[in-house]
Each structure stands twice: as structure tokens, then as C-alpha cells.
1. Looking at (1) within 45 Å of the chain's Cα centre (by Cα); (2) of a type in the set (D, E, K, R); (3) exposed (fewer than 15 other Cβ atoms within 10 Å of the Cβ), can you tell me which one residue 46 breaks?
2. Only residues in the range 57-86 that are over 25 Å from residue 47 (Cα atoms) count as the first member; pair them with residues that are β-branched (Val, Ile, Thr) and open to solvent by less than 40 Å² (accessible area, probe 1.4 Å), Cβ under 6 angstrom, at least 6 apart or cross-chain, and list the lot.
3. Inside the range 148-245, counting only strands (runs of 3 or more DSSP E) that do not spill past its ends, which hold 3 or more residues that are open to solvent by less than 40 Å² (accessible area, probe 1.4 Å) and more than 20 Å from residue 133 (Cβ to Cβ)?
4. Within the range 58-99, restricting attention to residues that are in contact with an Asp or Glu (Cβ under 8 Å, 6 or more places away or on another chain), open to solvent by 70 Å² or more (accessible area, probe 1.4 Å) and of a type outside the set (S, T, N, Q), which residue is nearest to residue 110 (Cα to Cα)?
5. I'm told residue 123 meets every condition in (1) at pLDDT 95 or above; (2) open to solvent by 70 Å² or more (accessible area, probe 1.4 Å) except one. Can you identify the failing condition by its number?
6. Does at least one position in the range 125-138 carry a residue that is under 30 Å from residue 49 (Cβ atoms) and either in contact (Cβ under 8 Å) with a residue 40 or more places away in the chain or within 33 Å of the chain's Cα centre (by Cα) (or both)?
7. Given the residues 99, 89, 107, which is the only one that is outside any strand (DSSP E or B) and touching a Leu at 6+ places or on another chain (Cβ under 9 Å)?
8. Yes or no: the range 230-237 includes at least one residue that is of a type in the set (S, T, N, Q), modelled with pLDDT under 85 and over 56 Å from the mean Cα position of the chain (by Cα).
Amino acid sequence: MWFFYALIPCLLVDGVAILPAPQNLSVHSTNMKHLLMWSPVVVPGEIIHYFVEYQGEYESLYMSHIWIPSSWGSPTEDPECDITDDITATVPYNLRVRASLGSQTSAWSTLQHPFNRNTTILTPPVMEVTKDGFHLVIKLEDLGPQFEFLVAYWRREPGAKEHVKVVRSRGIPVHLETMEPGVPYCVRVRTLVKAIGRHSPFSQAECVKVQGETLPLALALFAFVGFMLILVVVPLSIWKMGRLLRYSCCPVVVLPDTLKITNSPQKLISCRREEVEPCAIAVLSSEEPFRAWL
């Protein structure tokens, strides 16, 4: 076992200990996300740091001695490095990695074949097909600014025409079409990257449908609510306006108690007659002695 540990951690060259170079370099690229990976260098009880550098087509042709440190992989403790931001053109890139432990460094290990981003694997985006009332709506995965999406949608019925729409908004719901009740609508999508002139295969179709009874039911509900409002509001408004006109044009006047008639007019007339007759009798009776004197 001690012999194994003696070989793996370091080698002796001119009396100076150096680390072994990382092995098995490869690039895993999906949907324009590029990840450089390698086998880790193992030193028991120690943390190895790795440095990643790249060289574009111009540097490799005209300035082969110039290597540019990766923006995310210099240094890194993981046996992988995201080089997406470093690969900015559709040209071959040379990549190399070396290990470091204190003052010890390994030799550079170079990717066997230059990497070109046009070899990336393109997959359909994750999509969510929904219905917002009678609107067909789709929401797509955000894969980055270089991606466009070709959305195909159609009515699922014989002889229906397929419509294609280019969608650039990412992560935002997009309206496709107004749906008819009772008819299923299907959607499928694929990615398009103009920078490399490639597109992914289409995704599996997803279908949604608006129930045919939804519209009549909604109309019936609105009609019932409107009828009830009319039934309540119109009579109430008429009554309110009547009271307003009554108190505005014909205000109520309160009479004093002395002017109030508590009995019927016929009784009042009969009572007045009864009071007048005794008075006449009394007047005649007072005139009789005067006549006698004369």
C-alpha cells in the first residue's frame, strides 16, 4: 500500500516533487452549456486545486503561446469547470488543465480534440401548456439568450392546419390562440439556435380542451344575476324617485290643533243649527215685554 501512495501523489524529476497531470479530459455540452470534466488527482489528506485555460482559433493559429485562463475554472477544487462563458464563437477551442498543491504543479493535460460548440446536444425545452379561460397559453423553459423556440399548435381534428409561431420570450406565458369550446388543441415545440444553425427535435405533443358547457353555463349565470339585479334595483329606484318628488313638490304642512277637524262636516253643520235655534227663541222672548208696554 505504501508503494501505491508513493506513486500516485507525486513523481520525482530532478529531485523536485511534481503532481501527475489530470487525465481523461472531456467536454459535456447540452443546450449550449459546456462543462469540461477530468479525472481527479488524488493525494490523501490534501486538497488539489486545478487551473483551466483555453485557446481560440485565432490564438492557436497566430499566437500559439498564448493561453487564456478560464473565468470559472482558475482555480477550482472540483474536477470540472463550466466553460460556457469562455466559448463565445463557433470555432475550435483547445482546452488544458493542470493540478496544483502548494508549490507543486503538474504538467498540462490537453483535450485530445478541439471543442466546437456546434457539437452541443440540443433538446426540446420544458413546456407548460395551459388554458386561461378560452385562451391557449404556453410557458417555456429559459435556456438562455441564444435560444428561440418554434411552437407548433393545431386543432386536433381531421384536416386541421398546423400553425407555427416563433417565440423569443423566455419564462413568460405566451398566448397562442383563442380556443373553441369542446375542441382539443395540441402544442409541440423545439429549440432553435441561430448561432450554430441547428435545432432540436420536436417535443411530445401536449393537448388541452375547454369544456363545451362552460360558455352556456357562464351566460346563464350572468343572465340570472342580471335579472335579479334588475328585479331589485328598478323598483327600489322608482320608489326612491317617487319619495323624492313627493317631498320636493308637495311638502307636508303640519296644522295647529285648533284647525284640525276631528268630526265629519255633516255633524258640524247639525251642531251649528242646534246652537242657532235656542238663540233665536231667546231673542224673541226678550222682545215680548217691550211690545206689551207699547
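1. Condition (1) is where residue 46 drops out.
2. 57/91
3. In the range 148-245, 184-193 are the strands (runs of 3 or more DSSP E) which contain 3 or more residues that are open to solvent by less than 40 Å² (accessible area, probe 1.4 Å) and more than 20 Å from residue 133 (Cβ to Cβ).
4. The selected residue is 69.
5. Only one criterion in (1) at pLDDT 95 or above; (2) open to solvent by 70 Å² or more (accessible area, probe 1.4 Å) is unmet by residue 123, namely (2).
6. no
7. After ruling out the rest, the residue left standing is 107.
8. No, because not a single residue in the range 230-237 is of a type in the set (S, T, N, Q), modelled with pLDDT under 85 and over 56 Å from the mean Cα position of the chain (by Cα).
The values are calculated or read from the model by the stated rules, or taken from the named source; none is laboratory data. All values derive from a computational prediction rather than experimental measurement. With ideal geometry, Cβ positions are generated from the backbone for all residues, glycine too; neighbour counts draw on all protein chains shown. These area figures cover heavy atoms from the full protein model, side chains too; ligands, DNA and RNA do not enter into them. Shrake-Rupley method; radii C 1.70, N 1.55, O 1.52, S 1.80 Å.
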